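A short worksheet on the structure shown next.
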Amino acid sequence: MPRKSRELRLSQTKKLVETYNEAGISHVDRSFRFMNDMIIRLERGKGLSTGQRKYLDNLIDLGIPKLKNEERVNEILEAAKVDGMQQVSSTLNDFAYKIGKGWSLSEKQAIFLTSLLSKAEQLKTEGRFRPTGELLEDLKAAVSICRLKNGWYWHHRPGTAKAYGKVESWLAWMYMHIAKDSLGDIKIDQSLPIEDEPIIDQWACDKLLKAVKNPLSELKNPKHAEGAIVWRVLPGGIKTCAIITGAPGLHNGVVIYPALVSGSDIQVPLGDIRKRR
């Protein structure tokens, strides 16, 4: 058999890759990645080893592989495309590959796959989870509070760190993709592209809010009422009389109270306030 030219091998490989894409199995068969790597080498004028040429030509001769459990594979691939499943799409594609090859899943893998498919069905019905209303405002406060935490804090709380990363990333995205309706309410602008929207879920929200439960509780249920007379404690234990003049808020992640101290309106950190006895 005459030696195949570089140009012919390249064109045949490109055609096969296109056929894989059209058949929707580019994520299922790992030969697809190999063929793309060979296309890059051939286009750059690099040579292929004897083994690479042999394997590539064998793939070209075989054409599209026949999948096993094709209906199940397609179900899994469709679930991977559902908006909100981006973080587990590679996992679903791996499951599709194994099932397409006819391989058996372990009991643990089968249970996990079932849960992912169930989640995809829920997302198709209900849509992607997005915090709104009071939850959204609480998350904004939580992120502001957590920005003051140091590396030691996060190192000893990996779960909270993961939740913080999810929430912070989503909020950063939201601030760049918002629009106000005629009533002034902030809503996600659905006309904007959302392909880059980070995934946020209920677990991350609950985990982060639990970590900042005390300061959030202070904001919602202040210990010091407006008009209360308290002590402002300065470094060295020096006490100054202060009158609370409003509801608490956040400043640089710290809960503060507006107060009248020695005739001046100032913001006093919660940690510097003591009740008078």
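The values are calculated or read from the model by the stated rules, or taken from the named source; none is laboratory data. Everything quoted here is computed from the prediction, not taken from an experiment. Cβ coordinates were reconstructed from backbone atoms using ideal geometry, including for glycine residues, and neighbour counts include every protein chain displayed.
A few notes on this one:
- Close pairs from region 1-20: first assigned by TED's automatic domain parsing to the domain that holds residue 47, partner part of a loop (DSSP other than H, G, I, E, B) and hydroxyl-bearing (Ser, Thr, Tyr), Cβ under 7 Å, at least 6 apart: 20/26
- Residue check for residue 21: assigned to a helix (DSSP H, G or I), within 28 Å of residue 89 (Cβ to Cβ) and at pLDDT 90 or above: no
- Meets criteria (outside the structural domain of residue 249 (by TED's automatic domain parsing), assigned to a helix (DSSP H, G or I) and surrounded by 16 or more Cβ atoms within 10 Å (Cβ to Cβ)) for residue 153: no
- The lone exception for residue 52 - which of (1) on the phi > 0 side of the Ramachandran plot; (2) surrounded by fewer than 16 Cβ atoms within 10 Å (Cβ to Cβ); (3) not acidic (Asp, Glu) it fails: (1)
- Among (1) modelled with pLDDT under 95; (2) within 20 Å of residue 252 (Cα to Cα) - the single one residue 161 does not satisfy: (1)
- Test: residue 14 is modelled with pLDDT of 90 or more and basic (Lys, Arg): yes
- For region 247-277, a residue qualifies if it is of a type in the set (Gly, Ala, Ser), surrounded by 13 or more Cβ atoms within 10 Å (Cβ to Cβ), in a loop (DSSP other than H, G, I, E, B) and free of Cβ contacts under 8 Å to residues at least 40 places away in the same chain, and exactly one does: 247.
- Flag for residue 99 being assigned to a helix (DSSP H, G or I), β-branched (Val, Ile, Thr) and surrounded by fewer than 16 Cβ atoms within 10 Å (Cβ to Cβ): no
- The residues of region 119-174 that are closer than 12 Å to residue 201 by Cα and of a type in the set (Phe, Trp, Tyr), listed by number, are 129, 164, 170.
- Residue count for region 89-115 under the criterion of being in contact with a helix residue (DSSP H, G or I) (Cβ under 6 Å, 6 or more places away or on another chain) and within 21 Å of residue 201 (Cα to Cα): the result is 3.
- Checking 235, 222 one by one, the residue that is loosely packed, with under 12 Cβ neighbours inside 10 Å and in a loop (DSSP other than H, G, I, E, B) is 235 and no other.
- Number of the exception - residue 216 against (1) assigned to a helix (DSSP H, G or I); (2) aliphatic (A, V, I, L, M); (3) over 25 Å from residue 172 (Cα atoms): (3)
- Members of region 2-18 that are polar (S, T, N, Q) and part of a helix (DSSP H, G or I): 11, 12, 13
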